[in-house]
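A short worksheet on the structure shown next.
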Amino acid sequence: MANLKLLPKSIESKMNARDLKKYTKLQKEWKSVLKVMIKAEQKSGEYFRKTRKNTTGAQMKKQASLDNATLKAFYFADKKNDEWTTFTDQMRKKYK
């Protein structure tokens, strides 16, 4: 999921302005979603390593909320990946 497979230059050159705009928009959105996902995962991991020996109830709640934020970020990244895959498949069919 981390690597975006770009369209070949032959297809990009045939695309109209509307499709190119959506193509670049999806690339930018993917980069921002990926940054959020990585940041959430890092926060959760750091907090877990910091508090794993003696955890209190409040720390467990915070860890659970960080885990939920990480799962939410993964969900949105997966959703954006599906959107990207659908778009690139459509463009490959449209501009053979």
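Each value in this text was obtained by applying a stated rule to the coordinates, not by laboratory testing. All of these numbers come straight from a predicted model, not from anything done at the bench. FYI the Cβ positions are ideal-geometry reconstructions off the backbone, even for glycines, and counts take in every protein chain you see.
Yes or no: region 69-78 includes at least one residue that is touching an Asp or Glu at 6+ places or on another chain (Cβ under 6 Å) and not charged (D, E, K, R).
Yes, there is a match, as at least one residue in region 69-78 is touching an Asp or Glu at 6+ places or on another chain (Cβ under 6 Å) and not charged (D, E, K, R).
Considering only residues that are closer than 23 Å to residue 20 by Cβ and among the hydrophobic types (A, V, I, L, M, F, W, C), which ones fall in region 66-84?
The initial filter retains those residues of region 66-84 that are closer than 23 Å to residue 20 by Cβ, namely 79-84.
Correct list: 84 only.
For every residue, the table says whether it meets (1) exposed (fewer than 15 other Cβ atoms within 10 Å of the Cβ); (2) aliphatic (A, V, I, L, M); (3) within 30 Å of residue 9 (Cβ to Cβ).
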residue: 41; (1), (2), (3): no, no, no
residue: 48; (1), (2), (3): yes, no, no
residue: 54; (1), (2), (3): yes, no, no
residue: 60; (1), (2), (3): yes, yes, no
residue: 73; (1), (2), (3): no, yes, no
residue: 78; (1), (2), (3): yes, no, yes
residue: 84; (1), (2), (3): no, no, yes
residue: 89; (1), (2), (3): yes, no, yes
residue: 94; (1), (2), (3): yes, no, yes
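So which residues in region 1-57 are within 12 Å of the chain's Cα centre (by Cα) and in contact (Cβ under 8 Å) with a residue 60 or more places away in the chain, if there are any at all?
Listed by number, the residues that qualify are 1, 4, 26.
Based on this model, can you work out whether residue 79 counts as free of Cβ contacts under 8 Å to residues at least 12 places away in the same chain, in a helix (DSSP H, G or I) and among the basic types (Lys, Arg)?
yes
Looking at region 3-27 only, could you name the residues that are closer than 11 Å to residue 80 by Cα and either among the basic types (Lys, Arg) or in contact with an Asp or Glu (Cβ under 8 Å, 6 or more places away or on another chain) (or both)?
26
Check region 16-26 and report whether any residue there is part of a loop (DSSP other than H, G, I, E, B), of a type in the set (A, V, I, L, M), out of contact with any strand residue (DSSP E or B) (no Cβ under 7 Å at 6 or more places or on another chain) and loosely packed, with under 11 Cβ neighbours inside 10 Å.
There is no residue in region 16-26 that is part of a loop (DSSP other than H, G, I, E, B), of a type in the set (A, V, I, L, M), out of contact with any strand residue (DSSP E or B) (no Cβ under 7 Å at 6 or more places or on another chain) and loosely packed, with under 11 Cβ neighbours inside 10 Å.
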